[in-house]
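Some notes on the structure that comes next.
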2 protein chains.
Amino acid sequence: MSTTFDYVREGAEIYRRSFSMIRAEADLARFSGAEERLVVRMIHACGMTDLPRDVELSPDFAEIAVKALRDGAPILCDSKMVANGITRARLPAGNKVICTLDDPRVPALARDLNNTRSAAAMEFWRDRLAGSIVVFGNAPTALFRLLEMVHEGAPRPAAVIGIPVGFVGAIESKQTLARQRDLPFVVVHGRRGGSAMAAAAVNALASADE
Amino acid sequence: MSTTFDYVREGAEIYRRSFSMIRAEADLARFSGAEERLVVRMIHACGMTDLPRDVELSPDFAEIAVKALRDGAPILCDSKMVANGITRARLPAGNKVICTLDDPRVPALARDLNNTRSAAAMEFWRDRLAGSIVVFGNAPTALFRLLEMVHEGAPRPAAVIGIPVGFVGAIESKQTLARQRDLPFVVVHGRRGGSAMAAAAVNALASADE
């Protein structure tokens, strides 16, 4: 027996209809062009059009992040899921996408630092941090640790996408990021967030194509 | 200048507190042991304790999926993000985790089938479908196509995790899955879902450890 279901099968049309539904429902009035595309794509990744109420960006974030990507900034990711969600074909300068969580030195370093493996993995970002785009979709401890490293004098990233999800430390790490001076950021306040939303943010900043 | 923020740095303690917060807030009364652990971990992946209201499982789903994994069922994933979110150390039988989206034959096949690449990639699941765990966190078209293939006589998976996210086809594909007979399933109705939640479902079924 053959059954055919009735559904839209054309990728470009699915995107077009999805983004149209998002723009019809979501309150995007306070976002500028690049910011608006960013928030639309983050909504697309989570299916929730009420997301904008929790989004906070520094005024310079979108412009600086777009320029950094065009200039070839590496993209440092706190999890492999984030790294895998970034669409390589959208990257404007063959940007490197890096996740150091699997570095074999991480477990021992985590014990030494009394911190999570995600936080320990930040140590191996140091020599690539200057001017980078750093992306957190998973681990509040990693975001906290990055902020500690910057306070301790580590090179400054160009911009921080801070969207860890969850129950312990997520809210607090995002609030802490949003209070920093001179560190362009986007956060999703509250418990929501995650790797898909974080990767979607990079994909939106990487190209204006929809 | 050195700054240390005040946050929980111990991975096991973060999990323990997170799961405790979830169980205190979420209405989990209608779920049995393995189902409850499944829903808790899905909530953990998205940060939203109101998720249970959208969760539907067939009565046999959790038991069958747990047994299939113990018996070595392969895990077929609709996206690399899902595949990357599955914690290999939790798998009870060294289960294979497979995503066929990058198969070089997929783009041409998608054109032939007039469907998305995600749906076309299902063709390369055929010889592994029998008794498998199939996982959808991303593409409604892939879930629809899997159901079409089963109706056309393809081998039956042991259980279906159907949690695609989004605006076009997501709701409908999950409703269609939930109406099937003899295909054990879990879905999250509505637009919510995604790769992290889908991977979390596998991780919960793979091991009772928290």
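Side notes on the structure shown:
- Odd one out for A:Val8, checked against (1) at the interface with chain B (Cβ under 9 Å from one of its Cβ atoms); (2) outside any loop (DSSP other than H, G, I, E, B); (3) of a type outside the set (D, E, K, R): (2)
- Pair list, Cβ < 6 Å and 6+ apart or interchain, from the stretch B:84-102 residues that are without any contact (Cβ under 8 Å) to a residue 60 or more places away in the chain to residues that are surrounded by fewer than 19 Cβ atoms within 10 Å (Cβ to Cβ) and of a type in the set (Lys, Arg): B:Cys99/B:Lys80
- Index of the failed condition, A:Ser20 passing every other in (1) within 11 Å of chain B (Cβ to nearest Cβ); (2) part of a helix (DSSP H, G or I); (3) touching a helix residue (DSSP H, G or I) at 6+ places or on another chain (Cβ under 8 Å): (3)
- Residue in the stretch B:169-176 that is under 22 Å from B:Ala121 (Cα atoms) and in contact with a Ser or Thr (Cβ under 9 Å, 6 or more places away or on another chain) present: yes
- Count of residues meeting criterion [surrounded by fewer than 18 Cβ atoms within 10 Å (Cβ to Cβ), touching a Gly at 6+ places or on another chain (Cβ under 6 Å) and free of Cβ contacts under 8 Å to residues at least 24 places away in the same chain] in the stretch B:9-61: 0
- Within the option set A:Asp103, A:Asp60, being under 19 Å from the mean Cα position of the chain (by Cα) and acidic (Asp, Glu) holds for one residue only, A:Asp60.
- Among residues of the stretch B:66-79 that are under 22 Å from B:Glu123 (Cα atoms), those with a Cβ under 8 angstrom from a residue that is among the charged types (D, E, K, R) and modelled with pLDDT of 95 or more, sequence gap 6+ or separate chain, pair up as B:Pro74/B:Lys96; B:Pro74/B:Arg128; B:Ile75/B:Lys96; B:Leu76/B:Arg128.
- Which numbered condition A:Asp71 fails, given (1) closer than 24 Å to B:Cys46 by Cα; (2) surrounded by fewer than 16 Cβ atoms within 10 Å (Cβ to Cβ): (1)
The values are calculated or read from the model by the stated rules, or taken from the named source; none is laboratory data. Everything quoted here is computed from the prediction, not taken from an experiment. Cβ atoms come from the backbone with ideal geometry, glycine included; neighbour counts cover every protein chain shown.
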